[in-house]
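Below is one structure; the comments refer to it alone.
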Amino acid sequence: MASGLAFCDTCQAVQPPGQADHFARLGLARTFALDGVELERCYMMLQRRLHPDRFATRGGRERELSMQQATSLNDAYETLHSPLRRAKYLLALAGEVASENDTEVLMEALADRETLAEADGDGVSALAEDVALRREACIAALGEAFAGDRLTEAGALTGRLAYLDKLASEARVRRVALAESA
């Protein structure tokens, strides 16, 4: 378990964060297909054990290490909790990057942005639902690509997921703007 990296059970002292990757830090297998409940459980267990408030009466060095551990845990959790950030992180660990120049995605983006710009409230809702479905399909495909060690495909799908996340955000902004102008 990752707690061995963060906390010495023998001497009950906080250890420096070290160079463990986010998966190891949380005691999880390095995979895109994470169990969200397990991620949350591991994070909460380690956070309870290493939270700086637990070390308020300890020496300055141990308080500082506790803060470093808490910061590292938060960063690991935030990265692994987000499918997009998790995919980018896995690609980076493998020395790969997300592909952002996919012609098909660029053409799709032009059509979607035109639809969004012209849409009324119902149209924005319909587009948002469609984007949510495409996003879930993309996440499933990413899981298969990473599981099959198809990193080029995973890079392209990660670029697509980044686009879909941005489009979903733009649809939320458009929905609010339409509601405020009504």
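For this structure, a couple of remarks:
- Among Ala87, Gly60, Met107 the positive-end extreme of the charge dipole of the chain (Cβ point charges): Gly60
- Cβ-placed point charges (K, R +1; D, E -1), dipole of segment 97-144 about Cα centre in debye, nearest 20: 140
- Here the accessible area of the chain is 54 percent carbon and sulfur, with a 1.4 angstrom probe and all protein chains present.
- For segment 26-182, the solvent-accessible area works out to 57 Å² per residue, with a probe of 1.4 Å and every protein chain left in place.
- Of the residues Ala154, Ala177, Ala140, the one whose Cα sits farthest towards the positive end of the charge dipole of segment 134-182 is Ala177 (charges of +1 on Lys and Arg Cβ, -1 on Asp and Glu Cβ, taken about the Cα centre).
- Distance (nanometres) between label positions extended 7 Å along Cα→Cβ at Val173 and Asp122: 2.7
The values are calculated or read from the model by the stated rules, or taken from the named source; none is laboratory data. Note that the structure is predicted; figures quoted are calculated from it, not measured. Every residue, glycine among them, receives a Cβ derived from its backbone with ideal geometry; neighbour counts consider all protein chains shown. Protein only, heavy atoms only, side chains kept; ligands, DNA and RNA dropped before computing areas. Shrake-Rupley method; radii C 1.70, N 1.55, O 1.52, S 1.80 Å.
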